[in-house]
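Read through the structure below, which is laid out as C-alpha cells, and then see the notes.
A short reminder: the numbers here are calculations on the coordinates, not readings from a lab. Being a predicted model, the structure only gives us computed values, none of them experimental. All Cβ positions, even for glycine, are placed from backbone atoms using ideal geometry, and neighbour counts span all protein chains on display.
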Amino acid sequence: MSLRNFYLSILTVLVSIAALSLAWEFWLEDIVLPVVGVGDEPEDDAERWEYVMTTVAFSALALIGPLVVGTRIIRRDQALQEVVTRLSQEDYLTGLANRRRITQLLEHEVRRARRYHTSFTVILMDVDHFKEINDRFGHQAGDTALRKIAGVIKTALRAPDSVGRWGGEEFLIISTETDIDGGLSLAEKLRSRIESADLGETGHRTASFGVTAFGEGDDIGTIIGRADAGLYAAKHGGRNRVEKVVAGAKAAGDPSRRDQATTVSQRRP
C-alpha cells in the first residue's frame, strides 16, 4: 500500500466515525432507543454536537498510533522495494545497467523510434585483450579496470543516453535522437578517452567498437546483430578502432555474420 492510499484509509475511518456519530445522535437514537424502551430525555443540539465532536476527537487520537506505525512500515517497505528494483536492474560490479535493464531500454527506444519516426544509435564495445589483464594481473585488477572504464563511459555520455554492461568486458551504449554519424563521433570519443585513461595497475588499455543506427523494420535482434558485426570487424581489423554497419548492408569477415550488414566503414586511431 502506498502512503497516499494509507492516509486515505485513515481519513475514511474518521469520516465514517463522524457520519455514524451524526446519524446516531440526530436520527437513530430517537428511533431505536424508544423502540426498546430505554433512553433519556432528548438532548438539545449543543449536547449532541458536543458528543459528536468528542467521539471524533478521541477516535482521531486513537488512530495516531496506527498512523505513525503504519507510515514507518510503508516507508520502510518502499525503501526495500527501491533497493530490490535497483539490484535487479544494476550490474553489481560497475554500477551500470545490467543486461536485462539495458535490453528494456533498447526495447523502449525501438518502440519510440517506430512511433515517432526518429533514429538512435547503438554502440557495442569490447575491451581489447581483456583476458590478458586477468591472466597477468588477476581478476581483482580486471574488475578495477572494468569499473574505471565504466566511469569513463558514463562521463562521456549525454543525460538522455544509456549504457549497460552487456556481459564480461562488453558494454552497450544507446544514444537517443542520434544518426549514424553522431554515433560514430561518440564511439570515437569513447575510444580516445579509454585509450588515454589510466586504469591503475593494468595501465592503459584500448577498446573496439561496433556502431549502427535504427532503420526501418529493425527490431532488437537486427540492431544488436549489426552492432556485433561491426565489433567483430573492428576486432579482426586490428582492434582499438571503430566500425559502423549500416542497416541493410553486409559485413566483411565472419561468413556467419554476412546477413547482418553490407557496408562497413572503418575508423582507425
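Tabulated data
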read-out	value
Cα lying deepest toward the dipole's positive end in segment 99-267, options HIS108, GLY182, ALA145, charges on Cβ	HIS108
Segment 101-248, dipole about Cα centre (Lys/Arg Cβ +1, Asp/Glu Cβ -1), debye to the nearest 20	220
Label-to-label distance, nm, for residues given as HIS129 and ASP219 (7 Å Cα→Cβ offset)	4.0
Loop-resident sites, segment 156-249, for GluC sites (Glu not before Pro), counting at most 14 other Cβ within 10 Å (DSSP)	GLU216
Anisotropy class of segment 202-252 from Cα gyration tensor, a/c 1.5 cut	prolate
Interchain or long-range residues, amide H under 5 Å from PHE120's placed H	THR178, PHE214
In order through segment 192-198: 3J(HN,Hα) via Karplus (6.51 cos²θ - 1.76 cosθ + 1.60), integer Hz, x for Gly, Pro	5, 5, 5, 4, 8, 6, 8
Compactness of segment 99-267, expressed as Rg and Dmax over alpha-carbon positions, Å	15.3, 49
Computed lengthening from ARG158 to PHE58, 0.36 nm per intervening residue step minus Cα-Cα distance	30.4 nm
Spatially proximal lysines relative to LYS131 (Cα-Cα < 16 Å; intrachain offsets below 8 disregarded)	LYS235
